[in-house]
Amino acid sequence: MKPFQVHLFSEEGRIPESVPPEPSFVHGNKRYLNFLHMDCLHMKNSEYLRETARMNIEARGIVPTDSRAEIMAKLQGVMHEVKRLESLLFFPDEVSMMFALASIFGPKTTFFVDYESSSSVINVLQYRNLEYYDFRDLDQLRRLLGAHAEKVMFIDGIYDWLGNISPANELVKIAQENECVIVANELSSFGLLGREGRGFIDLCNVYEDITIDIGSFSKYLGGFGCYLGSKKYMINKIRENVGHITDFAPQFMLAVNLAGLEMIKETGRNKERYNKIWKNSRYFITNLKQMGFKTVSETPLVVVVFNNNEEAGEFTKKLIDEQIIAAKKKERIRLCLSVEHSKEDLDFCLHKFEIIGNALGIIKT
């Protein structure tokens, strides 16, 4: 393991932007456990994907060329097989994808988004007619939907700042009863949930009920950008609105995404890795609960809820002192487990949680 040589930690103990993406790294002769990145299957460091990118850049260059159409056609074919998508568009980031999606709905359309939904979804839609719902209060959701005519409802797979799986089947049923356009938000679930990571649509078998499917190649598949998939007529309508903005993504990105998809199709190759990450997450969450920490997580995105922002901030600083780096948002701390974290790593982290929790009076053992 090579030491990471740049300066990492400020005097205030804040999490720096220069933390490397590896699940663990060495700095100042100390080994740090890194739980910041949503790369649970450790795909961003896949030698196969790196080689795919290198070969495509060397053969064709970084800028798009005529072969981009060929790679995109292959990507569409595999996504049709994996996600049953009739057609799709590729976008370099979530924000541009969301603007393109919103472009096909008129000013009278009301968007229904869960309070816990992805920040990119909320940030783009906050200037439209937006209603928030709580997946824990379905009666309130029914009342909200009943008060509007033109409706688009976003249904999440994983709430990435709670770490739990959404009640997608119930939400889909309510959306159908209220004649909503249904958008499946797979930004935090594609590559992790369902068979070989096919997403919550596969897990809940709601393929026939979804109008639009959005997801990320970059979080769990080691790729780039994101996709927007739907029926051909709807994709053509979106393409008319955004012009050729989707045609300028470097083709090596598409090639890496294609390679990542091919990897998740290889059931035997990935079964052991999937089994390990889910087994480790159950072990980690069970032990946190037994200590007395508050969490509703049921995925490798483990979120611990504290009493307030200050308590969570103090706990995060103490974790850094103990060589553990986690993400923080308001009163929550999130640890993204990686398949590269060993049981010894998890036990070390759990032990530090117990020590810090006792020292701050958060738990009593």
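Just so it is clear, none of the values below were taken in a lab; they were calculated from the coordinates. Since the model is a prediction, treat every value here as computed from it, not as a measurement. Glycine gets a Cβ as well: all are built from the backbone with ideal geometry, and neighbour counts include every protein chain shown.
Can you run phi through the Karplus equation (6.51, -1.76, 1.60; θ = phi - 60°) for region 215-223 and list ³J(HN,Hα) in whole Hz, with x for Gly and Pro?
Residue by residue, region 215-223 yields x, 10, 8, 8, 7, 10, 9, x, x Hz.
Along its principal axes, what span do the Cα atoms of region 122-202 show, with the longest given first and each in whole Å?
Computed over region 122-202, the largest-to-smallest principal extents equal 39, 26, 21 Å.
Quick one, what does Rg over Rh come out to for region 100-240 if you take C-alpha atoms and the Kirkwood Rh?
Values: Rg = 14.2 Å, Rh = 15.2 Å.
With Rh from the inverse mean 1/r over Cα pairs, Rg/Rh is 0.93.
For region 233-243, in order, what is each residue's ³J(HN,Hα) by Karplus, 6.51 cos²θ - 1.76 cosθ + 1.60 with θ = phi - 60°, in whole Hz (x at glycine and Pro)?
Each residue of region 233-243 in turn: 5, 6, 5, 4, 5, 5, 4, 4, 6, 9, x Hz.
Once both labels are modelled 7 Å past Cα along the beta-carbon direction, what's the VAL26-GLN126 spacing in nm?
That separation, rounded to one decimal, is 4.3 nm.
Run through region 89-194 and list the GluC sites (Glu not before Pro) located in a DSSP loop whose Cβ has at most 16 other Cβ atoms within 10 Å.
Numbers: sites: GLU94, GLU116, GLU131, GLU150, GLU170, GLU177, GLU179, GLU186; in loops: GLU116, GLU150, GLU179.
For GluC sites (Glu not before Pro) across region 89-194 that sit outside H, G, I, E and B with at most 16 neighbouring Cβ atoms in 10 Å, the list reads GLU150, GLU179.
About the Cα centre of the chain, how large is the charge dipole given +1 on each Lys and Arg Cβ and -1 on each Asp and Glu Cβ? Please answer in debye to the nearest 20. Show your work: numbers first, answer last.
Details: 45 positive and 49 negative charges, 76 e Å.
About 360 debye.
Relative to the present Cα-Cα distance, how much length would full extension add between LYS108 and GLU298 at 0.36 nm per residue of separation? Display every interim value, and only then the final one.
Details: separation 190, 0.36 × 190 = 68.40 nm, distance 3.72 nm.
Here the segment from LYS108 to GLU298 would lengthen by 64.7 nm.
Take every DSSP beta bridge whose two residues both sit in region 60-265, then give the antiparallel share in percent to the nearest 5.
Numbers: 11 of 28 bridges.
Approximately 40 percent, going by the DSSP bridge assignments.
Towards the positive end of the charge dipole of region 60-265, with charges on Cβ (+1 Lys, Arg; -1 Asp, Glu), say which of SER119, SER96, ALA69 has the farthest Cα.
So the residue furthest toward the plus end is ALA69.
May I ask you to compute the full-extension gain from ASP139 to GLU81, defined as 0.36 nm times their residue separation minus their alpha-carbon distance, rounded to one decimal in nm?
On the way: separation 58, 0.36 × 58 = 20.88 nm, distance 3.63 nm.
Working it through step by step, the gained length comes to 17.3 nm.
Choose one of GLY197, LEU254, GLY157: the residue whose Cα lies farthest towards the positive end of the charge dipole of region 60-265 (beta-carbon charges +1 Lys, Arg; -1 Asp, Glu; about the Cα centre).
Of the options given, the answer is LEU254.
So if I take the centroid of the Cα atoms in region 141-209 and the same for region 95-133, what is the distance between those two points in Å?
So the separation of the two Cα centres works out to 14 Å.
As an exercise, identify the trypsin sites (Lys or Arg not before Pro) in region 267-365 lying in DSSP coil whose Cβ has no more than 13 other Cβ atoms within 10 Å. Each step should come with its number before you reach the end.
Details: sites: ARG269, LYS271, ARG273, LYS276, LYS279, ARG282, LYS289, LYS294, LYS317, LYS318, LYS328, LYS329, LYS330, ARG332, ARG334, LYS343, LYS352, LYS364; in loops: LYS330, LYS364.
Taking region 267-365 and a limit of 13 other Cβ atoms within 10 Å, the loop trypsin sites (Lys or Arg not before Pro) found are LYS330, LYS364.
Can you compute 3J(HN,Hα) from phi for each residue in region 43-60, using the Karplus curve 6.51 cos²θ - 1.76 cosθ + 1.60 with θ = phi - 60°, rounded to whole Hz and x for Gly and Pro?
7, 5, 9, 5, 5, 5, 5, 4, 5, 4, 5, 4, 5, 5, 5, 5, 7, 10
Please list, by residue number, everything in region 68-105 whose backbone N is under 12 Å from a paramagnetic label point 7 Å out along Cα→Cβ of ASN270.
Label zone hits: 79, 82-83.
By its C-alpha gyration tensor, with a ≥ b ≥ c as the square roots of the eigenvalues, how is region 199-317 shaped: rounded for a/c under 1.5, else prolate for a/b larger than b/c, else oblate? Write out the running numbers ahead of the final one.
Numbers: a/c = 2.14, a/b = 1.76, b/c = 1.22.
Note, shape of region 199-317 comes out prolate.
For the chain, report the % of Cα-Cα distances exceeding 32 Å.
Values: 23955 of 66430 pairs.
Cα-Cα pairs of the chain separated by over 32 Å account for 36 percent.
So which trypsin sites (Lys or Arg not before Pro) in region 126-222 end up in coil per DSSP with only 16 or fewer other C-beta atoms within 10 Å?
Values: sites: ARG128, ARG136, ARG142, ARG143, LYS151, LYS173, ARG195, ARG198, LYS219; in loops: ARG128, ARG136, ARG198, LYS219.
The qualifying sites are ARG128, ARG136.
Based on DSSP, what percent of beta bridges with both residues in the chain are antiparallel, to the nearest 5? Please report the intermediate quantities before stating the final value.
On the way: 24 of 44 bridges.
Bridges in the chain are about 55 percent antiparallel.
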